[in-house]
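One structure is given here, and the rest of the page talks about it.
The values are calculated or read from the model by the stated rules, or taken from the named source; none is laboratory data. These figures come from a predicted structure and were not determined experimentally. Methodologically, a virtual Cβ is constructed for each residue, glycine included, from the backbone with ideal geometry; neighbour enumeration extends over all protein chains shown. Side chains included, ligands, DNA and RNA excluded: accessible areas come from the protein's heavy atoms. Shrake-Rupley method; radii C 1.70, N 1.55, O 1.52, S 1.80 Å.
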Amino acid sequence: MNNKTELIKKILELKKQHDALILVHNYQLEEVQDIADFLGDSLDLSKKAAQAPQKTIVFCGVHFMAETAKILAPKKIVLLPDINSGCPLANMITKKDIFDLKKKYPKSTVVGYINTPAEIKSEIDYCCTSANAVHVVQSIGSENIIFIPDKYLGAYVKNVTKKNLILWNGFCPTHVKILEKDITKLRQSYPKAKVVVHPECTIEVQNVADEIAGTAGMIKFVQKNQDTEVFIIGTEVGMCYRLSKLFPEKKFIPASKLAICPNMKKNSLEKILWCLQDLQPQIFVEEKIRIKAYESIKKMYKITENIE
Ligand code: CIZ
């Protein structure tokens with residue numbers, strides 16, 4: 001038995017022993033994707049965490065995602081194999097920044113992307129994901145909306161909804177590595193390919209795409225375009241592996257090979273094994289913050305339950 005097979009065997013034994021479920025984000029390492037009980041985006045995975053009968057969740061993603069699972073499933077043990085897998089975008093806004101924004105725009109409603117820490121979610125009115133941001137913003141009665149923290153997702157939502165969105169200057173350092181010229185060049189090599197890019201990409205990149213969608217939307221886009229053989233994928237490179245497993249007959253080309261999120265790649269098979277051996281590192285959210293953060297997520301669910 002080789003090292004990897006041995007590791008997987010031990011993980012499966014401990015998973016059974018601790019009644020654990022392994023949830024894996026679409027951007028994780030291939031070897032981690034391969035041992036998932038469920039793969040998906042942060043919202044799908046958090047819902048799975050809340051609904052699953054298992055009492056332990058191994059969340060292979062970044063910190064805010066494991067925290068969202070804990071907000072929705074407070075009685076469960078939520079483990080993040082590498083506690084240092086943070087999200088730079090999520091940390092681009094502070095509680096004080098939100099207070100200042102609310103003071104400056106007192107009549108505004110605050111919509112926050114799921115890529116935020118629990119503490120920030122506890123100060124916003126509505127949470128949203130890349131999959132439902134447009135729908136959430138459209139459903140809010142007010143025209144004056146503060147959208148945090150991603151300026152590119154915010155600009156995309158502003159463009160679609162035509163609402164007066166006040167944007168924060170946050171961005172994902174991985175998605176901004178994808179450049180318009182990367183797509184133009186790939187289109188020359190693959191003239192029949194369809195291009196789908198994440199709304200965290202820059203506006204220039206969004207403008208040259210055939211579709212703008214989060215990772216869940218990318219899967220739907222490929223399903224819809226049955227006659228297309230080649231897709232150029234403008235997001236973190238891990239998504240190409242996920243798509244290749246789902247649609248082995250098609251070809252998926254990363255818009256940029258530089259779009260690798262170093263945080264997403266921190267979880268490994270070894271770290272999954274260790275976290276199941278020690279039941280550490282665990283995610284904790286202070287109950288006062290959790291209740292308030294849960295409200296913003298619940299409001300999102302209320303709006304989106306008809307479309308998801
Ligand atoms: O919500 C998520 O999981 C993120 C951050 C991206 C996506 O579109 O899946």
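Within the stretch 200-217, residues that are at negative phi sit with their Cβ atoms under 8 Å from residues that are of a type in the set (Lys, Arg) and within 11 Å of the ligand (Cβ to nearest atom), at 6+ positions apart or across chains, in these pairs: Thr215/Arg242. Figure legend. Inter-residue proximity from the stretch 76-89: first residues modelled with pLDDT of 95 or more, second residues surrounded by fewer than 16 Cβ atoms within 10 Å (Cβ to Cβ) and in a loop (DSSP other than H, G, I, E, B), beta-carbon distance below 6 Å, spacing 6+ or different chains. Indicated pairs: Lys76/Lys55; Pro88/Pro173. Exactly one residue out of Ser256, Ser268 is among the small types (Gly, Ala, Ser) and surrounded by fewer than 19 Cβ atoms within 10 Å (Cβ to Cβ), and it is Ser268.
Per this entry, Ile203 is counted among residues that are farther than 26 Å from Glu31 by Cβ, under 20 Å from the mean Cα position of the chain (by Cα) and open to solvent by 10 Å² or more (accessible area, probe 1.4 Å). Residue pairs whose Cβ atoms lie under 7 Å apart, separated by 6 or more positions or on different chains, with the first residue in the stretch 49-70 and among the small types (Gly, Ala, Ser) and the second part of a loop (DSSP other than H, G, I, E, B) and open to solvent by 10 Å² or more (accessible area, probe 1.4 Å), are Ala49/Lys76.
Counted as qualifying within the stretch 86-202 are the strands (runs of 3 or more DSSP E) with 2 or more residues that are within 16 Å of the ligand (Cβ to nearest atom) and over 23 Å from Phe221 (Cβ atoms), namely 109-113, 126-128, 144-148. When the residues of the stretch 264-296 are filtered to those that are touching a Ser or Thr at 6+ places or on another chain (Cβ under 9 Å) and small (Gly, Ala, Ser), which remaining residue is farthest from Leu21 (Cα to Cα)? Here the answer is Ser296. Cβ-Cβ contacts under 7 Å between residues 6 or more apart (or on different chains), taken from a first residue in the stretch 159-180 that is open to solvent by less than 50 Å² (accessible area, probe 1.4 Å) to a second residue that is of a type in the set (S, T, N, Q), are listed as Thr161/Gln138; Ile166/Ser108; His175/Thr235; Val176/Thr202; Ile178/Ser256.
Against the definition (within 26 Å of Leu45 (Cα to Cα), crowded, with 16+ Cβ neighbours inside 10 Å, at pLDDT below 95 and outside the structural domain of Met218 (by TED's automatic domain parsing)), how does Ala131 come out, yes or no? Taking the combined requirement at face value, the residue satisfies it.
Residue by residue, here is whether (1) within 16 Å of the ligand (Cβ to nearest atom); (2) over 26 Å from Tyr294 (Cα atoms) holds:
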site: Lys10; (1), (2): no, yes
site: Asp19; (1), (2): no, no
site: Gln28; (1), (2): yes, no
site: Leu45; (1), (2): yes, no
site: Val58; (1), (2): no, no
site: Ala69; (1), (2): yes, no
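Asp37 satisfies every condition listed in (1) more than 16 Å from the ligand (Cβ to nearest atom); (2) surrounded by 15 or more Cβ atoms within 10 Å (Cβ to Cβ); (3) touching a residue at least 24 places away in the same chain (Cβ under 8 Å) except (3).
Could you grab me the full set of residues in the stretch 54-84 that are of a type in the set (Lys, Arg) and crowded, with 22+ Cβ neighbours inside 10 Å?
Answer for the stretch 54-84, where residues must be of a type in the set (Lys, Arg) and crowded, with 22+ Cβ neighbours inside 10 Å: just Lys70.
Here is the figure for the stretch 206-226: residues that are more than 15 Å from the ligand (Cβ to nearest atom) and either in a helix (DSSP H, G or I) or of a type outside the set (S, T, N, Q) (or both) total 5. Residues in the stretch 227-244 that are over 18 Å from Gly154 (Cα atoms), open to solvent by less than 40 Å² (accessible area, probe 1.4 Å) and not in a helix (DSSP H, G or I): Thr228, Val230, Phe231, Ile232, Ile233, Glu236, Val237.
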